[in-house]
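Structure record follows, encoded as structure tokens.
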Amino acid sequence: MKKDEPKPEPEKAPPPPEVTVAPPPPKGFQVLSAPISIPDVIPDIDLSKKVTDEADFTGKGVAGGSGRGVEGGTGPTNNENAYFEFQVEKTVLSAPGNPQPQYPSMLQSAGVEGKVLAQFVVDVDGKADMSTFKVLESSHELFTQSVRQVLPRMRFFPAEIGGKKVRQVVQQPFVFGLNK
């Protein structure tokens, strides 16, 4: 009796290539340099023409670019990924009137002060994405719980790139101090 020959495995299609969208190029800036040859004649000045745009001299982005973005536009934005502060044109701002974390009564009566440094992503709708919440530093677990409870009720002005709202990673300190 002959052994059955192993059946050839069906050919698997190669996995689709991963599609990644590069973040839009950062805004650029100009660098002022002193002239190499100093003219001995004062040139005519046209006062109706704007000489410089202060947005071109922020020092953020790519040298040689402009304050309005790199030549060719800002590129596509990706709302799935969160950007860091240095990658966005307008950073996340806390909305006025946000609730503050409740000072834990047990720590307050004991005279304990503390701090929580939290990291989270602010979504395009101005809310903290609690699935991304991380505690980078905390002086007490009760302070952390207080921050975790108030953060979903806080509102923010979302970050923007090219006039479009994007997600941004935020690191925010919450300080618990006693008025003495």
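The values are calculated or read from the model by the stated rules, or taken from the named source; none is laboratory data. Since this is a predicted model, take the numbers as computed values, not measurements. Quick reminder, even Gly has a Cβ in these numbers, built from the backbone with ideal geometry, and neighbours come from all protein chains shown. Ligands, DNA and RNA are stripped out before the accessible areas are found, and what is left, the full protein with its side chains, is counted by its heavy atoms. Shrake-Rupley method; radii C 1.70, N 1.55, O 1.52, S 1.80 Å.
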Return yes or no: is residue 171 assigned to a strand (DSSP E or B), open to solvent by 70 Å² or more (accessible area, probe 1.4 Å), of a type outside the set (Lys, Arg) and at pLDDT 90 or above?
yes
Of the conditions (1) open to solvent by less than 70 Å² (accessible area, probe 1.4 Å); (2) in a helix (DSSP H, G or I); (3) out of contact with any helix residue (DSSP H, G or I) (no Cβ under 7 Å at 6 or more places or on another chain); (4) of a type outside the set (Gly, Ala, Ser), the single one that residue 142 does not satisfy is (3)
Could you say whether any residue in the stretch 127-136 is open to solvent by 40 Å² or more (accessible area, probe 1.4 Å), of a type in the set (S, T, N, Q) and outside any loop (DSSP other than H, G, I, E, B)?
yes
Given the conditions (1) under 20 Å from the mean Cα position of the chain (by Cα); (2) modelled with pLDDT of 90 or more, report the number of the one that residue 55 does not fulfil.
(2)
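Can you name every residue in the stretch 139-168 that is of a type outside the set (D, E, K, R) and at pLDDT below 90?
Listed by number, the residues that qualify are 161, 162, 163.
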Hey, residue 148 hits all of (1) within 21 Å of residue 102 (Cα to Cα); (2) in contact with a strand residue (DSSP E or B) (Cβ under 8 Å, 6 or more places away or on another chain); (3) open to solvent by less than 90 Å² (accessible area, probe 1.4 Å) but one; which does it fall short on?
(3)
A careful count of residues in the stretch 153-162 that are open to solvent by 60 Å² or more (accessible area, probe 1.4 Å) and outside any strand (DSSP E or B) gives 1
